[in-house]
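Quick one: the structure is below, and I'll ask about it shortly.
The values are calculated or read from the model by the stated rules, or taken from the named source; none is laboratory data. Please read these numbers as outputs of a predicted model, since none were measured by experiment. Ideal geometry is used to build each Cβ from the backbone, glycine not excepted, and the neighbour counts take in all protein chains shown. Just so you know, the surface numbers come from the protein's heavy atoms only, side chains and all, with ligands and any DNA or RNA stripped out. Shrake-Rupley method; radii C 1.70, N 1.55, O 1.52, S 1.80 Å.
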Amino acid sequence: MRSVFSLMRFDLLQALRNRGVVIWVLLFPLLLATVFMFMFDGVPAGGTQAAAVGVVSDGSEGAEALAGALEELSSGDDAPIDAVRYPDEAAAAEAARSGEVCAYVVAAAGAAPRMEVPARESGTVDQAVVQLVLERSLQVSATLATVAEVAPEALSSPGAAVRLASALAGDDATTERLSVLRTESSEFARYYYAMLGFSSLMGAQVALLLVVSKRADGTPAGARRQLGAVDPVAQLASSLLAAWVVVFACLVVALLYMRLVVGVSFGGREGLAVAACAACALVSCAVGALIGSLPRVSTSAKDVVCTVATMGLSLPAGLFGEPSQRLADWLSANAPLVQAANPAVQVGETFYRLAYYDSLAPFAQSVGALLAISAVLLAVSALFMRRQRYAAL
Amino acid sequence: MQLFRFAGRVVLRHRGLLAIYVVALAAFGWLMASYVGTGSGPYEAVRPTVAVIDRDGSAVSGALAAWAAEEGELVELPDTTYALQDAAAKDLANYVLVIPEGYGEGLEAAARAGAEPPALECVVSYSDARGSLADERVRAGAQQLYALLAETDLTAEEAVGVARQARGEAETRLEVGVIEAEEAGLPSDYLVYMQFSTYALFGGTAILVACGLRSLGRDQPVTQRLLAAPLTETARGAQLALACLGVGLAVWAAVEALGALWCAGSLAAADARLVLLAQAPLLALACVGAAFGYLLWSLGATGDLAHAAGNIGSMVLTFLGGTWVQQASMGAAVTAVARLTPVWWVVHALGEVYAATGTTGGLVASVAAQTGLTALFAVALAAAGMALGRARRRG
């Protein structure tokens, strides 16, 4: 045991003296978190902007009434739409094509309003908002007609139709938004949790570096170490232990930075977040150990594999912007097992579940998944190490 | 031109770097582009994912639940706190409608008395505006029922029947058409691919140049031999700069060729002139990457430092430039800083080309101006690299 700790001390020194480890495992997450902090500062979270819509009227009374109603809806801070008048359809179509407006509405005498959307941007949320506004307007007349048909006595009194039309166009019905999560969520929180997943995988470089330096076919020093007096298993154990300590420390530093400087919430469970870092560091070591133990692969090729694996696994974790988050959502819905087996996704999920759920069961499930992934990867790497240990001697 | 050819060959022999920074990054871009789709086609109204928890069980609540389900993709959700948290945390549903017990009776009583109706409860997703859209739809349905119960003597069941019939008629009366473009513009998937390629064009090129030219570094024996060759300092510097430019050109050609190959289906209908116009700012960015790589090489940055500078620089610039988060979503302060970076102008120019349906003089002039602006960054970085390189040699 003493030899393991003695070796571990040298492994720690070797890792901390490696410029790549310091840059990628310690500094890069801090820098990325800082970039996120400045990027998302001042951006309204979950805010909705009014849908810009073009209006073309033929000047008739009915058309002007609709155009006026749309313009009325454009006023105020919470206006759902922003109506812009155009003299003719050609001008409105050009504005829709160029993206100035999401669609345009044609109001003409004796005809139902017509909505036109550009072919390249059809089916957007803004267009659905315009459609809803138009349908509500049509619903008023359709409801009046249906009531007149089904219960004509309801509209027999003077002014009944006007009162009903006014009530139909009103906004008495309300909804109350519930806050069900432990802490307030935002679309930007995902970036920070995904970044922790990315950082964990970047930490695989530490284990890779230390494992390769112990392999007989990795470096000349590795060959000499394998011939030394210390048992190869003890050498490997010291490497993994040292790698785990380094990655764990770096993740805790990133966590503290995110909590204290950036202000990312962990739902008041910072202690458990630190414990989660321990599991994340373990999976990081397991990934590094597996890549480091790959037989018949050069050290430089292993570096390439590690980088590609880090970026490739981080992609479905939602780190790389909106398209990758949509890909992550799609995979979660359609291929949950793929996401469950992805360590970068599981790291992000661990912190996410810790922050947002009342129950700790989902958090424990994610930690369990990380431990299971680590166990599998370490078992495979042990097989590779066992078979290759003396190959280069 | 012996040194130019030699340097270019040395750089392009780094197959591992090429695999990561050209092929892998291009593949990631294609993966995301293929998920986004082409963005064109017949109109289909947005259908948010909706879950309904009906604690009332009345005719009114049944109608509201049915309408919410009809206008979205229904997600089954049990009525537990955990399920609600799960849905909100994982964004399983853009909108969860909770109809409280007694809502139907409460709505009818309030309508008859002319009082304020009871509120429905909901959980709206933080991710985008779909949840808010579903909320608007639900409130429109509730308002319709409230108005019918307030202004007529219809029973709740009759009001639901009238509302359902009127909604059907309104939907069929609204005509939605699609404006076909006179000329086909760039497809959305190709735009996403091009935006994602900015990472490889800047960072990838810089790392390839900085690491690839390592063997020609000031402290390397081969450089000492080259210094003894009958070649002026200016000629040697010019050939090396040309080699860096050649690497940038090669990376740009490879990334864009892969993009054209992978997006060939959607690009088939696009205006070829627009596709070519979009290449101009990307090529300028590859030159900026090459100039940055040359600067790093001049500073003597070795493997780890070059990788760090290239990747971190690329990550920061692409975030600021609008590759990951839309430029329109950025705050004023971030935009002010972002305008001082090359990727911002590239993404902006690509956005203009994407918005266009045909090549006009104004568009070409605007893209050319932004390409020129991007190229100026390359000139500035290359000049800084030459000056620092010369100072280091003399030092």
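Could you grab the relative contact order for segment B:49-173? Cα pairs under 8 Å, six or more apart, rounded to a whole percent.
Relative contact order for segment B:49-173 comes out at 28 percent.
Still on this structure, I have one more. Evaluate the charge dipole of segment A:51-140 about its Cα centre and quote only its size in Debye, nearest 20, assuming +1 on the Cβ of each Lys and Arg and -1 on the Cβ of each Asp and Glu.
Charge dipole, segment A:51-140, about its Cα centre: 260 debye, nearest 20.
Taking only C-alpha pairs under 8 Å that are 6+ residues apart, what is the relative contact order of chain A in percent?
Taking the mean separation of contacting Cα pairs over the length of chain A, I get 19 percent.
So if R0 is 56 Å, what FRET efficiency would residue A:176 and residue A:237 give, r being the distance between their Cβ atoms, rounded to the nearest 0.05?
0.45
Right, next: What's the carbon and sulfur percent of segment A:1-112's accessible surface, probe 1.4 angstrom, rounded to a whole number?
Answer for segment A:1-112 is 56 percent, counting heavy atoms of protein chains only.
Here's another thing I want to ask about it. Nearest 100 Å², what total accessible surface is buried between chain A and chain B (probe 1.4 Å)?
Separately minus together, A and B give about 8800 Å² buried.
In peptide A:21-30, how many Cβ atoms from other protein chains are near each Cβ within 10 Å, on average?
For this peptide, the per-residue mean of nearby foreign Cβ atoms is 2.
Hey, another quick one. At residue B:337 and residue A:278, where each label point lies 7 Å from the Cα along Cα→Cβ, what is the point-to-point distance in nanometres?
3.7 nm
If you don't mind, there's one more thing I want to ask. What whole-number distance in Å separates the alpha-carbon centres of segment B:376-395 and segment B:155-174?
73 Å
Something else about it: For chain B, what number results from the quotient of the Cα radius of gyration and 2.2 N^0.38 Å?
For chain B, the normalised Cα radius of gyration comes out at 1.39.
So what J values fall out for segment A:114-119 if you push phi through Karplus, 6.51 cos²θ - 1.76 cosθ + 1.60 with θ = phi - 60°, rounded to Hz, Gly and Pro as x?
Those phi angles translate into 10, 10, 10, 10, x, 4 Hz.
Next question, about the same structure. With equal scatterers on the alpha carbons only and no solvent term, can you work out the Debye log10 of I(q)/I(0) for chain A at 0.06, 0.10, 0.11, 0.14 1/Å?
For the requested q values the scattering log ratios are -0.41, -0.77, -0.85, -1.12.
Rg and Dmax of segment A:51-140, using alpha carbons, in Å: what are they?
Looking at segment A:51-140, its Cα Rg and Dmax stand at 11.9, 33 Å.
Find the all-direction average of the projected area of the Cα convex hull for segment B:317-370, expressing the result in square nanometres with one decimal place.
Averaging across all directions leaves 3.7 nm² for the Cα convex hull.
Moving on. Which peptide among A:351-357, B:329-335 comes first, and what is the full order, when sorted by highest mean count of other Cβ atoms within 10 Å?
Top to bottom by mean Cβ count within 10 Å: A:351-357, B:329-335.
For segment A:233-273 and segment A:103-180, what is the separation of their Cα centres, given in Å?
Distance between centres, Cα-based: 55 Å.
Across all directions of projection, what mean area in square nanometres is found for the Cα convex hull of segment B:161-213?
If I average the Cα hull's projected area over directions, I get 7.6 nm².
Also: What spacing in nm lies between the two simple spin-label points modelled at residue B:268 and residue A:340, each 7 Å away from Cα in the Cβ direction?
Result: 4.0 nm between the two label points.
Give or take rounding to whole Å, what are the principal axis extents of the alpha carbon atoms in segment A:119-224, in descending order?
Sorted from largest, the Cα extents of segment A:119-224 read 103, 40, 20 Å.
Going through segment A:159-199, which GluC sites (Glu not before Pro) have at most 14 other Cβ atoms within 10 Å and a DSSP loop state?
A:184
Compute the distance in nm between two label points, each set 7 Å from the Cα along the Cα-to-Cβ direction, one at residue B:233 and one at residue A:79.
Those two pseudo-labels are separated by 6.5 nm.
Taking amide H positions as placed in the peptide plane 1.01 Å from N, state which residues far from residue A:81 in sequence (5 or more) or on other chains have amide H under 5 Å from it.
For residue A:81, whose amide H was placed from the backbone, the distant partners under 5 Å are A:51.
Please work out the C-alpha center-to-center distance from segment A:328-346 to segment B:284-335 and express it in whole Å.
So the separation of the two Cα centres works out to 30 Å.
Provide a whole-number value for the mean count of partner chain Cβ atoms within 10 Å of the Cβ atoms in peptide A:164-170.
5
Which order do peptides A:205-215, B:103-113, B:237-247 fall in by mean Cβ count within 10 Å, highest first?
The peptides rank, most packed first, as A:205-215, B:237-247, B:103-113.
Below 8 Å, C-alpha to C-alpha, sequence gap of six or more: please give me the relative contact order for chain B in percent.
20 percent
Same structure, new question: Counting other Cβ atoms within 10 Å, which trypsin sites (Lys or Arg not before Pro) in segment B:1-106 have at most 13 and lie in a DSSP loop?
B:13, B:55
Hey, what's the Kirkwood Rh for the protein assembly as shown if you take every pair of different alpha carbons, in angstrom?
Value: 29.5 Å, from the Cα pair sum.
Further, regarding this structure: Per residue of A:352-364, how many C-beta atoms from partner chains lie within 10 Å of its own C-beta, taken as a mean?
2
To continue, here is another question. At 37 °C and 0.692 mPa s, what whole-number value in µm²/s does Stokes-Einstein give for the translational diffusion of segment B:49-173, with Rh from the Kirkwood sum over Cα pairs?
Estimated diffusion coefficient is 221 µm²/s.
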